[in-house]
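The values are calculated or read from the model by the stated rules, or taken from the named source; none is laboratory data. Predicted model only: the values in this text are computed from it and were never measured. Virtual Cβ from ideal backbone geometry, glycine too; neighbours counted across all protein chains shown. In case anyone asks, the SASA skips ligands and DNA or RNA and just uses the protein heavy atoms, side chains included. Shrake-Rupley method; radii C 1.70, N 1.55, O 1.52, S 1.80 Å.
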Amino acid sequence: MSEAARTSPTTFPAKAFAAPSPTGALAAHSIARRAPRPQDVQLEILFCGVCHSDLHQVRNEWKEVMPTVYPCVPGHEIVGRVTKVGTAVKKFKEGDIAAVGCMVDSCRVCSSCKAGEEQYCENMMTLTYNSEDKILGGVTYGGYSDSIVVDENYVLRVPNGLDPAGTAPLLCAGITTFSPLHHWKVGKGQKVGIVGLGGLGHMGLKFAHALGAHTVLFTTSAGKTEDAKRLGADEVVISKDADAMLKHAGSFNFILDCVSAQHDINAYLNLLRRDGTVCLVGAPEKPLPVASFNLLFGRRSLSGSAIGGIRETQEMLDFCGEHGITADIEKIRIQQINEAYDRLLKQDVKYRFVIDNSTLQ
Ligand code: NAP
Ligand code: ZN
Ligand code: ZN
């Protein structure tokens, strides 16, 4: 029986694209969404960014940590128009442009939730897709869909004047790079590296530049040099060039690693000054080896960071509104999603694919 056929009066059918298995192509699929509860906001999804995490998850590359439940409807960079609000909703009204990122709920009572760091909820946040759906049962379904229903506490306001399609990637690529740059207090007088010029990396460049740091982009793609400078890099280093890397040894305060695949992080640890930090936001399928001497000499740190809390995500959107920052995007039809995944793997994206969700009709 299809999910649409199983809908009850408390649900309604939505059009979506789903992956049927780790190897099958994404295709049209019908899902059930819950009818809004008093605290819920219903959105017609206008645009959804395509994150490399969607690809990792669809192909079950994170099976040890977050095994994928099929059919899987990915998408956590969502901008939409409010079509319905529950009776208790205060922050949104019909017709507003609003956004949803990587999480749609959390326990709200643990110390992380109370600190506004819901992404580190000790009882595990509810992710926008492939998380246990505590209301309908089964798993949550993401933004490769024509609608979504979310508790208003996990819905973000989109500042006036920001292009909705270019805003969608801010909900993951934006906050995931903004949050660590703030946590490690990146700013003027510091030398900061961004590794990998993809969706996350290009937002990291824009933010590091806007925060006033001397920003260096490390890339494996020589062809991205001019774009990197336009996006805010003061210097560009081709990471395959060992001599070029060596020139920067011991000089960085902070390096944000946005790479989606296997690579040598020791090469970046060696570029840190005393007490410097490499922060991983990239989440490759396999563990990355670390040579301990690269940490011991210089008391260097290797760290990681996951998305950002709801309050910080709103701060990031407001910062983007004030500074006129959005992602550089290539709009696609939902029917091009499988081709977009193939291109992501070839590092051929400038710099985020964004689905025009009206093509689901
Ligand atoms: P993306 O657009 O595909 O960009 C990844 C970039 O990494 C590529 O453009 C490329 O940059 C570089 N790269 C790819 N393969 C490489 C290789 N073999 N060696 C060296 N560099 C390589 O991906 P994304 O959407 O930005 O996501 C990046 C990673 O962050 C993914 O693993 C994703 O799952 C993860 N992520 C984590 C969080 C979090 O909360 N921590 C949130 C979102 C995403 P160059 O061409 O410039 O070398
Ligand atoms: Zn993401
Ligand atoms: Zn919690």
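Relative contact order, whole percent, for the stretch 244-361 stands at 19, derived from Cα pairs under 8 Å and 6 or more residues apart.
Want the number for Glu315 to Ala115: 0.36 nm per residue separation, take away the alpha-carbon distance, what's left? If you can, show how the numbers build up before the last one.
Numbers: separation 200, 0.36 × 200 = 72.00 nm, distance 1.50 nm.
In short, 70.5 nm is gained.
With a Förster radius of 51 Å applied to the beta-carbon distance between Ile135 and Lys247, the computed FRET efficiency rounds to 0.40.
Shown for the stretch 303-342 is the translational diffusion coefficient from the Stokes-Einstein equation, using the Kirkwood radius over Cα pairs, a temperature of 37 °C and a viscosity of 0.692 mPa s: 252 µm²/s. The residues Thr23, Thr225, Thr313, sorted by heavy-atom accessible surface at 1.4 Å with ligands and nucleic acids left out, run Thr23, Thr225, Thr313 from largest to smallest.
With a simple spin-label model that places each label point 7 Å from the Cα along the Cα-to-Cβ direction, the separation between Thr359 and Ala88 comes to 3.9 nm.
Let me check against my output: what whole-number percent is the relative contact order of the stretch 15-142, with C-alpha pairs under 8 Å and at least 6 apart? Could the numbers behind the result be given before it?
Values: 247 pairs, mean separation 27.7, N = 128.
For the stretch 15-142, the relative contact order is 22 percent.
Taking all protein chains as they are arranged and a probe of 1.4 Å, the heavy atoms of Tyr268 leave approximately 10 Å² accessible to solvent.
Only protein heavy atoms count here; on that basis, with a 1.4 Å probe, Lys134 has an accessible area of about 140 Å². Note on the chain: antiparallel DSSP beta bridges, both residues inside, total approximately 55 percent of the bridges counted.
For the stretch 1-108, the equivalent ellipsoid built from the Cα gyration tensor has semi-axes of 26, 17, 13 Å, listed from largest to smallest. Across the chain, the mean sequence separation of Cα contacts (distance under 8 Å, 6 or more residues apart), normalised by length, yields a relative contact order of 17 percent.
Two numbers describe the Cα atoms of the chain: Rg and Dmax, which are 20.2, 65 Å. Computed from the C-beta positions of Arg37 and Gln335, the FRET efficiency with R₀ = 22 Å rounds to 0.10.
Spatial offset of the stretch 109-144 relative to the stretch 307-348 amounts to 21 Å, using the alpha carbon center of each.
The peptide list 86-99, 55-68, 343-356, 198-211, put in order of mean Cβ contacts within 10 Å with the highest first, becomes 198-211, 343-356, 55-68, 86-99. Would you mind counting up the charge near Gly232? Only other residues with Cβ under 12 Å from its Cβ, with Lys and Arg at +1 and Asp and Glu at -1. Around Gly232, the surrounding residues sum to -1. The apolar share of the surface of the stretch 151-239, taken as the fraction of accessible area on carbon and sulfur atoms (1.4 Å probe, ligands and nucleic acids excluded), comes to 49 percent.
Take the chain with all the other protein chains still there, run a 1.4 Å probe, and you get 43 Å² of accessible area per residue. Once the mean of 1/r is taken over each pair of separate Cα atoms and inverted, the stretch 200-348 shows a Kirkwood hydrodynamic radius of 17.0 Å.
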